[in-house]
Amino acid sequence: MRTARPGTERRGESTTAADKALALEWLTAFAQRMRSESASELVLAAVDAAIQETFPHYLTDAELHREVRAATRAHWLSFLAVIGRTHFEAHPPTEAVDGARTVARRGYGVDMLLKSYRAAQRGLWRYITRVLHQQIPDAELRGLVLVTFWERSTLWLDTCLDDIVAAYMDEHEYHTRSADAHRAETVQAILRGEPAPTADSPDHLDHRMDDYQTALVLWTDREVPARQAGHMLREHANRVAEALGAAPPLLVDSGAHGLWAWVGTRHRPAVAELPTPPIPHIHLAVGTPAPGVDGFRRSYLEARAAHRIATSARIAAPVTAYQDVDLVCLLTGDGNLDSVRALIARELGPLADRSEPVARLRDTVREFLCSGGGIGATAARLGVHANTIRYRLQQAERRLGHPIETRRVHIELALRCLLIFGDDLLPAA
């Protein structure tokens, strides 16, 4: 059992003050241990899990997750810095205010913001309760520490929420009244599958929807102040459009440190030649160019998928193109039949024709790849002469526009998907 400090008794106000001091002393030492990267990650994972219980789609939105995770980390580290002080004060970190603005810009209600914080509080409390039971065998001291932690974490949350909600409401009011907000609402409607507004509509976006659409997701590192991030991202989005020989892009703010953009071009652009951001704190994820409203949606989904991969990496690359990480995206959560259709159309091109002669070429290429690239083995499997296999492979490469080996893995995956799902995944005739 814990003993009272010298000069105190186990009753009365002096004992209560001593107990409080002992709990704060323990929490101060605890805070020092918990500030490490590995310890903080355990706390953040527990909070993530609790938020996901309330909002299952939360972790699928990489940009929102990034903002919320930054806010959670900042809250935790700021709270640890003051938890053991006799004079306890709560101040919301900048990252938390930025996160509230992002929630507002994305069109979520204030109820989601509040519920997210309450869910985070539940996750933190579950984690801390478990940790303290492991670290404090003395039940009486453990009870004192738990009560003190609960009181201070609740005071922290309630105090910070006042400023956080105020930031949300300011951003929401501006976002609701501004032209940017109206544009964002129209874009969100198109992404949900609603028709694009016509040229004579008051909702027209002044963006040519019949062009090839290249979607971009741009973001800055947390080191960049939110008040500077928007200008920097817009400037680089315009630089990308200029490099592609396009008019100024369609821009939609997606968060305090994020921007969505669509570049329209009359012809398919070469996204491999996009300019690298001028400073290392700007990053860019690029969808595959595709024509029309469907291309507007598809390229955006691909840019979002590439963004998820980029922000999951240890160090985000300056530019991440979906066409370079598409297989990783399909394998880690962005795959569906529409994504597979896009893969087939993109990788096979004219080799995805529905005619019988072209289907025979596809079968030959698939067997060639499955046999390890052996002409003789492919001829034996198909029961034809080796020269026939050579001729068919030449015809297939002519349709592809490049040697099979150039995109071997992608082509084999596309052909295997066709074998499993059938010709319904081929582009319409």
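Key figures for this structure:
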item: Options ALA241, ALA246: the member that is buried (at least 20 other Cβ atoms within 10 Å of the Cβ), more than 24 Å from ALA310 (Cα to Cα) and more than 18 Å from the chain's Cα centre (by Cα); result: ALA246
item: Which numbered condition THR198 fails, given (1) under 19 Å from GLY295 (Cα atoms); (2) among the hydroxyl-bearing types (Ser, Thr, Tyr); (3) not in a loop (DSSP other than H, G, I, E, B); result: (3)
item: Any helices (runs of 4 or more DSSP H) falling wholly within the stretch 42-146 and containing at least 2 residues that are within 30 Å of THR186 (Cβ to Cβ) and of a type in the set (Gly, Ala, Ser); result: 62-82, 94-105
item: When residues of the stretch 129-153 are limited to those that are in contact (Cβ under 8 Å) with a residue 24 or more places away in the chain and surrounded by fewer than 18 Cβ atoms within 10 Å (Cβ to Cβ), the one nearest to the chain's Cα centre (by Cα); result: TRP150
item: Tabulated pairs, the stretch 112-128, first outside the structural domain of THR72 (by TED's automatic domain parsing), second in a helix (DSSP H, G or I) and surrounded by 22 or more Cβ atoms within 10 Å (Cβ to Cβ), C-beta under 8 angstrom, 6+ apart or interchain; result: none
item: Matching option when the condition is under 30 Å from TYR300 (Cβ atoms) and out of contact with any His (no Cβ under 9 Å at 6 or more places or on another chain), among ASP363, ASP338; result: ASP338
item: Filtered residue count, the stretch 80-122, keeping only those that are of a type in the set (Val, Ile, Thr) and under 19 Å from ALA167 (Cβ atoms); result: 5
item: Any chance ALA261 is in contact (Cβ under 8 Å) with a residue 12 or more places away in the chain, assigned to a strand (DSSP E or B), more than 22 Å from PRO427 (Cα to Cα) and under 19 Å from the mean Cα position of the chain (by Cα); result: yes
item: Residue match in the stretch 25-36 (condition: under 18 Å from the mean Cα position of the chain (by Cα) and modelled with pLDDT of 80 or more); result: no
item: Members of the stretch 59-75 found to be touching a residue at least 40 places away in the same chain (Cβ under 8 Å), closer than 15 Å to TYR117 by Cα and not small (Gly, Ala, Ser), listed by number; result: LEU64, GLU67, VAL68, THR72, HIS75
item: Criterion violated by ASP210 - all others in (1) surrounded by fewer than 16 Cβ atoms within 10 Å (Cβ to Cβ); (2) over 30 Å from GLU95 (Cα atoms); (3) free of Cβ contacts under 8 Å to residues at least 40 places away in the same chain satisfied; result: (3)
item: So GLY373, is it of a type outside the set (S, T, N, Q) and within 29 Å of ILE309 (Cα to Cα); result: no
item: Looking only at the stretch 31-47, and only at residues there that are free of Cβ contacts under 8 Å to residues at least 24 places away in the same chain and aliphatic (A, V, I, L, M), the one that is surrounded by the most Cβ atoms within 10 Å (Cβ to Cβ); result: ALA39
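Quick grid of which residues meet (1) of a type in the set (Phe, Trp, Tyr); (2) over 29 Å from HIS175 (Cα atoms); (3) touching a Phe, Trp or Tyr at 6+ places or on another chain (Cβ under 7 Å):
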{"site": "GLY230", "(1), (2), (3)": "no, no, no"}
{"site": "PRO249", "(1), (2), (3)": "no, no, yes"}
{"site": "TRP262", "(1), (2), (3)": "yes, no, yes"}
{"site": "GLY292", "(1), (2), (3)": "no, no, no"}
{"site": "ARG298", "(1), (2), (3)": "no, no, no"}
{"site": "ARG308", "(1), (2), (3)": "no, no, no"}
{"site": "ILE315", "(1), (2), (3)": "no, yes, no"}
{"site": "ASP338", "(1), (2), (3)": "no, yes, no"}
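Yes/no matrix, rows are residues, columns are (1) over 21 Å from ARG341 (Cβ atoms); (2) more than 40 Å from the chain's Cα centre (by Cα):
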position: PRO357; (1), (2): yes, yes
position: LEU361; (1), (2): no, no
position: GLY374; (1), (2): yes, yes
position: HIS385; (1), (2): yes, yes
position: GLU397; (1), (2): yes, no
position: GLY401; (1), (2): no, no
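The values are calculated or read from the model by the stated rules, or taken from the named source; none is laboratory data. Nothing here was measured: the structure is a model prediction, and the numbers come from that model. Reconstructed Cβ throughout: ideal geometry from the backbone, glycine too, with neighbour counts over all protein chains shown.
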